[in-house]
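Presented below is the structure to which this report refers.
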Amino acid sequence: METSYGIAVMALLFILILIAFKWRRKIIQDTIKEFSEKPYSYTLVIHGQDEDAIADKIIVNAGPALSAFTKEDFNPESFTVTVREGDKSENRKASKAYPCDIDGNAAEGSSEEGQSATHFALELESNTGSSLEHPFVKSGKKNPQSDSAETQCKNKENYEYSISHNKLPQPVTLCNDWWWQS
């Protein structure tokens with residue numbers, strides 16, 4: 001009788017361990033999916049610090065749609081870049097457009113594996129009078145180490161870019177991340 005209880009307990013422990021491993025695997029897969037780069041999305045590249053920081057480059061994951069681009073399609077004027085914050089929006093002018101790797105380094109059109117690039121970069125001109133090109137604002141709180149106000153990131157739900165081109169199937173509006181380039 002005691003042996004059957006022992007076998008039942010061992011079987012229950014085995015089942016619990018199996019469930020724990022499957023649950024752990026699902027959590028890892030969900031985390032990778034959440035933080036991996038999504039197709040038809042962009043990464044905002046920022047230079048500078050605090051409220052003087054400026055979003056001056058966008059790296060777009062255009063996926064397989066980029067294979068339809070020709071050299072002439074990388075004319076900066078053929079891209080429409082709109083930044084929106086709440087109910088305010090304005091267009092930003094691209095000064096350079098080129099195919100690149102995931103980090104924004106210019107590519108020659110094909111990678112080592114023989115596949116064409118899936119990303120392109122847009123370098124944006126600065127409009128010194130615009131507050132929309134700055135992804136940070138001063139908060140109302142005072143910094144205890146200095147007399148100046150603290151700087152905070154704009155709300156990513158309300159601060160977004162839209163990148164359009166006639167060869168993209170839809171405007172790219174999904175933001176992967178903000179990235180500070182040194």
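We did not get these values from a lab; they are worked out from the coordinates using the rules stated. Source: prediction; values computed, not measured.
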In whole µm²/s, the translational diffusion coefficient that Stokes-Einstein assigns to segment 40-85, given a Kirkwood hydrodynamic radius over C-alpha pairs, 25 °C and 0.890 mPa s, equals 193 µm²/s
SER126's amide H: which non-local residues (gap 5+, or another chain) put their own amide H closer than 5 Å, with H modeled 1.01 Å from N in plane and none for Pro or chain starts?
-> none
For segment 6-100 the mean separation of alpha carbon contacts under 8 Å (6+ apart) over residue count, i.e. relative contact order in percent, is 15 percent
Show the residues, 5+ positions off or on another chain, whose built amide H is closer than 5 Å to the amide H of ARG92.
-> VAL81, THR82, VAL83
In this model, which of LYS38/LYS93; LYS93/LYS167; LYS33/LYS88; LYS88/LYS167; LYS57/LYS93 are farther than 21 Å apart at the alpha-carbon?
-> LYS38/LYS93; LYS33/LYS88; LYS88/LYS167
